[in-house]
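Visitor: Sharing a structure below in structure tokens format, with a few things to ask.
Every number in this text was worked out from the coordinates using simple rules, so none of it is lab data. Everything quoted here is computed from the prediction, not taken from an experiment. Virtual Cβ from ideal backbone geometry, glycine too; neighbours counted across all protein chains shown.
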2 protein chains.
Amino acid sequence: MTAAPNPAPSLIAIDWGTTNRRGYLLNREGIILDSYFDGDGLTNIRDGAYEASLKILAAPWVAQWGSLPILMSGMIGASTGWVDAGYCPVPVNSEGLSKELVCVSEEKNIWIVPGVRTLDNSGNPDVIRGEEVQSLAIGGYSDQLMVVAPGTHSKWIHIQDKSITGFTTFLTGDLFDAVLNHTIISVLNDQARVMNDDAFYRGVRAGFSEYQNLLHTLFSARTNVLFKNLLPTEVSDYLSGLLIGGEIGSGRSEVGMTDAVFVLIGASDLTERYKRAFGACEITAEIMNTNTVGKVYSGIARSAGLIG
Amino acid sequence: MTAAPNPAPSLIAIDWGTTNRRGYLLNREGIILDSYFDGDGLTNIRDGAYEASLKILAAPWVAQWGSLPILMSGMIGASTGWVDAGYCPVPVNSEGLSKELVCVSEEKNIWIVPGVRTLDNSGNPDVIRGEEVQSLAIGGYSDQLMVVAPGTHSKWIHIQDKSITGFTTFLTGDLFDAVLNHTIISVLNDQARVMNDDAFYRGVRAGFSEYQNLLHTLFSARTNVLFKNLLPTEVSDYLSGLLIGGEIGSGRSEVGMTDAVFVLIGASDLTERYKRAFGACEITAEIMNTNTVGKVYSGIARSAGLIG
């Protein structure tokens, strides 16, 4: 018989993003005692009313347990968020992040985890904000991980020995919407689409094998309809496959490593889609949940001395 | 003293595109005796009123010279145009095109030049329509040419011994508009831009050296503003450079040839921009006009027996 986790909460942690946010009530060890989800992401906060919005999230917990330290991550710490929490350079781990927390209110004990920055092959900056906590939550799984967080801006985050050592952003989701709705391809896209596996896989294979030639390969979403190799209802899935396949080709080439374990995190429909795409490219990628995110938040809070 | 060209017109040729069209009054040898330009491209023709629109173009010439054969090329022969003129496979030259002319009206002697089709490395179809005549107009200049026609859908057309042997379409211009106006990059783009050479060249170099990683490199148009390496007024030129540099990198790699002469054709502002981009990539590309396009039209018309 193991001891029951200590039920006394020590920390409120919030993953506060652009469109949604998720709050966690955590004990000292980062066990999630309760959680809360709503759509009050940054774009839904009017006139900078962050504190009022935070109160809505925290009120039931504070009513029951009294005032607790609050640790936030995600776009809430962007230059367009509540307080700009800046970016730590790679390599960085939980302890490194804990040293750079930015204080929103000393009195109310509210803190923000900084984002992480790196430089790409051209010397251009790249950034993550929110995914640093999520990816570190996977860190104990293997010494060498590539955490892939698909989305509007897909992130490939390289974790070695529980540190973030590098990452790359891909504009995949953002570009998918822009190309599907605002280029010549839009006139061929029949919105009455149904999920089409064959079109998706054909797109994945074309994107993966020709990732270095994406500016051209995108045109095949038009010409294949023109030559009746693709139905208008299949354009969306073909294009989705083309861009995800292109991301995988480009990402794997960028990474240049074959011994890393590929792990997918995020919304289940998108990670499922990516898992199938990785499979079509003959790369094994496992979907993992980020339930251990509480341990990362509590670890950072302990290192920073926010909790005992 | 050379003989004056025969002033008797033999043919009306029309390059009829999506947004504009240009008509030529040609003698038997393809000398341009007169020309006409207007904005009655396909998107401006209502209810399929092609014949009425053609009459406007041809009326002054017909009034003066009587009825003449009419030979058209461009999107007028697309599946969405007047009559679908189909596509010839590569390799093809003027004579090959002349064998596949599609008749709009035997009585009125109206014909359309087919487009050209090829297959890319993934086995996906690629097409040109209109550029086949324009690029063949350059054909006498060298035995081995890469004709680059920048635009919404940039075309790289390989000409060997006056035949089109292959080509590649790049979605460069289309993607530029979509990314600039419909992705995260739009919020950082200050429309009050002025032409910025430095930003353009930085974009070109990044796009050229990382063309195989475009899905990621696009994100640098955002992060460079975030880190104040780029002004919001410079985003447009940086992105333009990034995509054109990416096209040149991808195109040159696709081509895999170093001994071809690179020639730019098309609107002067865009070809100038491409010439500067090629220069920044240390590739010499000359701008050439397509004034000899008349000789291609008359050559096709003679081969097809439309004119004596």
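Visitor: Quick check on the range B:11-75: what does the Kirkwood estimate of hydrodynamic radius come out to from the alpha carbon pairs, in Å?
Guide: 12.0
Visitor: Order by neighbour count: A:128, A:112, fewest other Cβ atoms within 10 Å first, most last.
Guide: So the residues, fewest neighbours to most, are A:128, A:112.
Visitor: Taking a label point 7 Å out from Cα toward Cβ, give me the nm distances from residue A:144 to the same spot in the other copies, shortest first, one decimal.
Guide: Going from nearest to farthest copy, the values are 4.2 nm.
Visitor: Which of B:125, B:91, B:69 moves most in a GNM of chain B, Cα contacts under 10 Å?
Guide: Greatest mean-square fluctuation among the candidates belongs to B:125.
Visitor: Restricting to Cα atoms and excluding each atom paired with itself, what does the Kirkwood estimate give for the range A:172-287 in Å?
Guide: Evaluated over the range A:172-287, this radius sits at 14.3 Å.
Visitor: Related question: Estimate the FRET efficiency between residue A:52 and residue B:29 by the formula 1/(1 + (r/R0)^6), using the beta-carbon distance for r and 56 Å for R0, to the nearest 0.05.
Guide: Efficiency computed from Cβ-Cβ geometry: 0.10.
Visitor: When the Karplus curve 6.51 cos²θ - 1.76 cosθ + 1.60 is applied with θ = phi - 60°, which whole-Hz ³J(HN,Hα) does each residue of the range A:30-46 get, with x for Gly and Pro?
Guide: x, 5, 7, 8, 7, 9, 8, 9, 8, x, 7, x, 3, 6, 9, 9, 8
Visitor: Could you size up the charge dipole of the range B:172-287 around its Cα centre, putting +1 on the beta carbon of Lys and Arg and -1 on that of Asp and Glu, and report it in debye to the nearest 20?
Guide: So the magnitude is around 320 debye.
Visitor: Next question. Along Cα-to-Cβ, 7 Å out, sits the label point; list in nm, shortest first, how far the one on residue A:59 is from those in the other copies.
Guide: Values, ascending and in nm: 7.3.
Visitor: While we're here: Applying 1/(1 + (r/R0)^6) with R0 = 25 Å to the Cβ-Cβ distance of residue A:59 and residue A:80, what FRET efficiency is obtained, to the nearest 0.05?
Guide: It comes to 0.45.
Visitor: Students often check this: by mean Cβ neighbours within 10 Å, which of B:268-274, A:198-204, A:18-24, B:291-297 ranks highest, and how do the rest follow?
Guide: Per-residue Cβ counts within 10 Å, averaged per peptide and sorted highest first, yield A:198-204, B:291-297, A:18-24, B:268-274.
Visitor: So for the pair residue A:177, residue B:160, with labels modelled 7 Å out along Cα→Cβ, what separation do we get in nm?
Guide: In this crude spin-label approximation the distance works out to 4.5 nm.
Visitor: Would you work out which of A:260, A:211, A:187 lies farthest towards the positive end of the dipole of the range A:172-287? Charges go on Cβ: Lys and Arg +1, Asp and Glu -1.
Guide: Looking along the dipole axis, the top candidate is A:187.
Visitor: Report, as an integer, the average count of C-beta atoms from other chains found within 10 Å of each Cβ along B:180-190.
Guide: Taking all residues of B:180-190 together, the mean is 3.
Visitor: Let me ask another. Of B:226, B:101, B:239, which is the most mobile in a GNM of chain B whose springs link Cα atoms less than 10 angstrom apart?
Guide: B:226
Visitor: Could you name the lysines in cross-link range of residue B:108, using Cα to Cα under 16 Å and dropping any fewer than eight places away on the same chain?
Guide: Straight-distance partners of residue B:108: B:55.
Visitor: Can you spot the aspartates and glutamates whose alpha carbon is less than 16 Å from residue A:99's alpha carbon? Ignore those fewer than 8 places along the same chain.
Guide: A:84, A:132
Visitor: Which listed residue (B:63, B:36, B:300) has the Cα farthest towards the positive end of the charge dipole for chain B, taking +1 on Lys and Arg C-beta and -1 on Asp and Glu C-beta about the Cα centre?
Guide: The listed residue farthest towards the positive side: B:63.
Visitor: What value does chain A have for Rg/Rh, both radii from Cα atoms and Rh as Kirkwood defines it?
Guide: Ratio of gyration radius to Kirkwood radius: 1.02.
Visitor: Now a separate question. Order by neighbour count: B:184, A:244, A:307, A:157, fewest other Cβ atoms within 10 Å first, most last.
Guide: By the 10 Å Cβ count, ascending, the order reads B:184, A:307, A:157, A:244.
Visitor: Right, another one. If R0 is 25 Å, what FRET efficiency do you get for residue A:228 and residue B:37 from their C-beta distance, rounded to 0.05?
Guide: Here the calculated transfer efficiency is 0.10.
Visitor: Compute, for chain A, the length of the dipole vector about the Cα centre, with Cβ point charges of +1 (Lys, Arg) and -1 (Asp, Glu) only. Units Debye, rounded to 20.
Guide: 160
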